[in-house]
Amino acid sequence: MTFLSEIDLNRAAEIFASIPCRRELAILEIAEEVSDATGIPMAVLVGENRAKHIAHARQLAYYIAHREGFTLPEIGRVFRRDHTTVLHGIRQESIRRGDCE
């Protein structure tokens, strides 16, 4: 019987932490669909660019992911945004769609 050293356990934890969970992969799939539909590359969609058309596409992805039941922090992790930024984006997309006043 072999035992893992402390170093081996720490390295395994690092590797495991770097692998996105299935829920994050599902959000990435939504983002890819929005990317395909809008013609905005994934790297730009999840990047820092704040151009209006890119922000609107990103907010659409937030909106769809949230409607699919994903939490604000889950969505934020995928897009590297704070949950309040995601919430703002969802609200803006809701306004554009006429879902709320």
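When region 53-97 is examined, which residues are found to be in a helix (DSSP H, G or I) and aromatic (Phe, Trp, Tyr)?
Tyr62, Tyr63, Phe79 - these are the residues of region 53-97 that are in a helix (DSSP H, G or I) and aromatic (Phe, Trp, Tyr).
Filter region 37-48 down to residues that are outside any helix (DSSP H, G or I) and under 22 Å from Glu74 (Cβ atoms) and give me whichever is farthest from the chain's Cα centre (by Cα).
So, considering only residues that are outside any helix (DSSP H, G or I) and under 22 Å from Glu74 (Cβ atoms), the one farthest from the chain's Cα centre (by Cα) is Ile40.
Cβ contacts < 8 Å: first residue free of Cβ contacts under 8 Å to residues at least 24 places away in the same chain, restricted to region 48-64; second residue in a helix (DSSP H, G or I) and among the hydroxyl-bearing types (Ser, Thr, Tyr), any location; separation 6+ or different chain. Result?
Qualifying pairs under 8 Å: His53/Thr38; Ala57/Ser35; Ala57/Thr38.
Examine region 6-22 for a residue that is of a type outside the set (Phe, Trp, Tyr) and modelled with pLDDT of 90 or more, and state whether such a residue exists.
no
Are there any pairs, at least 6 apart or on different chains, whose C-beta atoms fall under 8 Å, with the first in region 22-44 and under 15 Å from Thr71 (Cβ atoms) and the second surrounded by 11 or more Cβ atoms within 10 Å (Cβ to Cβ) and of a type outside the set (A, V, I, L, M, F, W, C), and if so, which?
Arg23/Glu74; Glu24/Glu74; Glu24/Arg77; Ala26/Glu68; Ile27/Glu74; Ile30/Glu68
Inspect all residues belonging to region 5-14 and state whether any of them is surrounded by 18 or more Cβ atoms within 10 Å (Cβ to Cβ) and more than 12 Å from the chain's Cα centre (by Cα).
No; the residues of region 5-14 include none that is surrounded by 18 or more Cβ atoms within 10 Å (Cβ to Cβ) and more than 12 Å from the chain's Cα centre (by Cα).
Collect the residues in region 68-81 that are surrounded by fewer than 17 Cβ atoms within 10 Å (Cβ to Cβ) and farther than 13 Å from Ala26 by Cα, keeping them in residue-number order.
Within region 68-81, Pro73, Arg80 qualify.
Answer yes or no: is there a residue in region 35-45 that is small (Gly, Ala, Ser), touching a Leu at 6+ places or on another chain (Cβ under 6 Å) and buried (at least 17 other Cβ atoms within 10 Å of the Cβ).
Checked against the condition, which is being small (Gly, Ala, Ser), touching a Leu at 6+ places or on another chain (Cβ under 6 Å) and buried (at least 17 other Cβ atoms within 10 Å of the Cβ), region 35-45 yields at least one hit.
The values are calculated or read from the model by the stated rules, or taken from the named source; none is laboratory data. For clarity, every value in this text was computed on a predicted model and none was experimentally measured. So basically every Cβ, Gly included, is an ideal-geometry build from the backbone, and we count neighbours across all protein chains shown.
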